[in-house]
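These notes are about the structure you will find just below.
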């Protein structure tokens, strides 16, 4: 059968492309453009004022700090758990895999609530924490904890299938050639998964910086102290400071665009490697 | 370096992969572990390398206990079935790996490593492709890189897991002769795993035939082919004809004919199975008085140095006979021709409980 006969008529092809583009435009591009339009509506001065406001800068700092703690921890966790799952057989492997997916299946608000129930003033460990002067809920530790919880599947989910597909023969080869555990990890395992790992890190980071639900529950919304960027946007918006809200939101959009660019670059790398393998 | 395995038993969950295996590989020999898949040969190889730990038994190198030494300090060269080349490294870096991961005080300076790697690549005829990546090589080329990489650390023992399994027939033939020459050149104690009897018989000094996690027979290729110790070895090494029968005194009754039991054969059951290789079946056009049975020619394959004839007995079972082209021309065999068949030599075994295969 010739290739031509498998091809749909021209109007069907163009029709499908048009529908896809229109959908994309309506639900993605228009809102994205609207964010920047609204942000700059009252001039560059207002935009600049909104993002250089000390409270906004505090939110940026908190968001970056949170991501700087959550992402490396989840990289470590992701590497360890995917290594264990992909290279070893042990009891409870299925359960571990299900648990790793848990944050994906639980609403972020519930994730936040879990921590309030655990560490809040009326929570399980609350009285003990208060007695020892440790503050977790409505403070930075709570925000970090909630963020870690919500983002921990990203790296692991990315690495498990990759490591499973690669098997452990190369590691065994390295060991028979006299390499120790660390040498094998740094010279063989890590280089083999580096693009997949970076991909997971980028997704994890995007979510860590953009998380709203779980963080909102544990944050307490204290201005300049426990507000991350997404929470700051909400506050500004609720106070009818639309231009300022959109200005701060545009920062998050920029982050999203950078993430997308990095993601497509890495995807191309991963694709090339898959074809080469 | 010699290898000695004593009472090796390996269990995976509720599956016993190896049961009390004892093998000795003398220094400098090339030994084949031959058996069907699931016979435990790869597991045994991995135990020698230290990639698996046996539940019971000992591994000795040059008479010294090595069972509990880790794979990384056994200094055993291992060539994996699917090569396991480092995919993110060039051919050169793959071969250099073992030299570069040595502890600082033992490590050669980088120029010396470069020289050594080029020397090895020359040995495996891969020098021109040093900058390539594994994905850019053919199967045979990858195999040779894997071998050079294993040899780089100057191992005292070389282990190869199905070294030619993933290659096409022609490359296989070439590589196996090349491996034999290489072994004769560097004289390293080598063990390779294969499920291909031709490969084992052609390349090895000694063949270890394995079945169900146990050693069936150890011997030179000639010994295991000409004098199989068990029915399994008979089956596994080449074509064989089966004859089911009853032992009666010093005679065996095979249904359509009976013959004298070979001298020295002692059977403790009345039920017996006779084994005869195809070239031990003699075809005649007339009855000669010796124990014979009637058969019909079903198919003739006269291509090649040996003529293969398929025969159907009166009870309908199929037999395979082989003869020289001269004999074939002399008999002028045709499809459908009735003939008389005698068996020049037959090896008798007690009938096992669940015998597979046909025969009389």
Checklist entry - What percentages, rounded to whole numbers, describe P(r) for the stretch A:91-163 computed over all alpha carbon pairs with 10 Å bin width beginning at zero? => result 19, 39, 27, 14, 1
Item to check | Angstrom value of the Kirkwood radius, inverse mean 1/r, which spans all Cα pairs in the stretch B:280-336 | outcome: 11.8 Å
Item to check | Nearest 10 degrees, 0 to 90: helix B:110-123 Cα axis against chain B principal axis | outcome: 20 degrees
Checklist outcome for this item: Counting only DSSP beta bridges with both partners in the protein assembly as shown, the antiparallel fraction in percent, to the nearest 5, comes to 75 percent
Checklist entry - What is the order of B:341, A:150, B:91, fewest Cβ neighbours within 10 Å to most? => result B:341, A:150, B:91
Next on the checklist: Rounded to the nearest 5, what % of DSSP beta bridges with both residues in the stretch B:54-209 are antiparallel?
Outcome noted: 20 percent
Next on the checklist: Quick check: the distance between the Cα centres of the stretch B:40-80 and the stretch B:290-335, to the nearest angstrom?
Outcome noted: 48 Å
Next on the checklist: Considering only C-alpha atoms, what is the centroid distance from the stretch A:232-256 to the stretch B:197-264, in Å?
Outcome noted: 84 Å
Next on the checklist: What is the angle, in °, between the Cα long axis of helix B:91-100 and the longest principal axis of the Cα atoms in chain B? Nearest 10 is fine, range 0 to 90.
Outcome noted: 70 degrees
Next on the checklist: Quick check: the angle from helix B:139-152's long axis to the longest principal axis of chain B, C-alpha only, nearest 10 degrees?
Outcome noted: 60 degrees
Checklist outcome for this item: Rounded to a whole number, the Stokes-Einstein D of the protein assembly as shown in µm²/s (Kirkwood radius over Cα pairs; 10 °C; 1.306 mPa s) is 51 µm²/s
Checklist entry - Taking only the alpha-carbon positions of the stretch B:163-284 and ignoring solvent, what does the Debye formula give for the base-10 log of I(q)/I(0) at q = 0.11, 0.13, 0.14, 0.23 Å⁻¹? => result -0.52, -0.67, -0.74, -1.39
Checklist entry - What is the stretch A:1-158 by shape, rounded, prolate or oblate, if you read a ≥ b ≥ c off the alpha carbon gyration tensor as root eigenvalues and call it rounded for a/c under 1.5, prolate for a/b larger than b/c, and oblate otherwise? => result oblate
Checklist entry - By its C-alpha gyration tensor, with a ≥ b ≥ c as the square roots of the eigenvalues, how is chain A shaped: rounded for a/c under 1.5, else prolate for a/b larger than b/c, else oblate? => result oblate
Next on the checklist: Could you tell me how far the Cα centroid of the stretch A:24-84 sits from the Cα centroid of the stretch B:93-166, in Å?
Outcome noted: 49 Å
Next on the checklist: How large is the Rg to Rh ratio of the stretch A:19-101 when both quantities use alpha carbon positions and Rh follows Kirkwood?
Outcome noted: 1.25
Item to check | Normalised contact order of chain B, rounded percent, pairs of Cα under 8 Å and 6 or more residues apart | outcome: 16 percent
Checklist outcome for this item: A correct fewest-to-most ranking of B:151, A:117, B:129 by other Cβ atoms within 10 Å would be A:117, B:129, B:151
Checklist entry - Where a ≥ b ≥ c are the square roots of the eigenvalues of the C-alpha gyration tensor, would you call chain B rounded, which needs a/c under 1.5, or, failing that, prolate if a/b is larger than b/c, or oblate? => result prolate
Checklist entry - What order do you get for A:138, B:80 when you list them from fewest to most C-beta neighbours inside 10 Å? => result A:138, B:80
Checklist entry - Based on the Cα atoms of the stretch A:157-224, what semi-axes does the equivalent ellipsoid have, where each is the square root of 5 times one gyration tensor eigenvalue, given in whole Å with the largest first? => result 38, 13, 9
Checklist outcome for this item: Answer check: the stretch B:241-350, Cα atoms, Kirkwood Rh, Rg/Rh ratio of 0.99
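None of the figures in this text is laboratory data; all of them are computed from the coordinates on show. Everything quoted here is computed from the prediction, not taken from an experiment. Here Cβ is always computed from backbone atoms with ideal geometry, including for glycine, and neighbour counts include all displayed protein chains.
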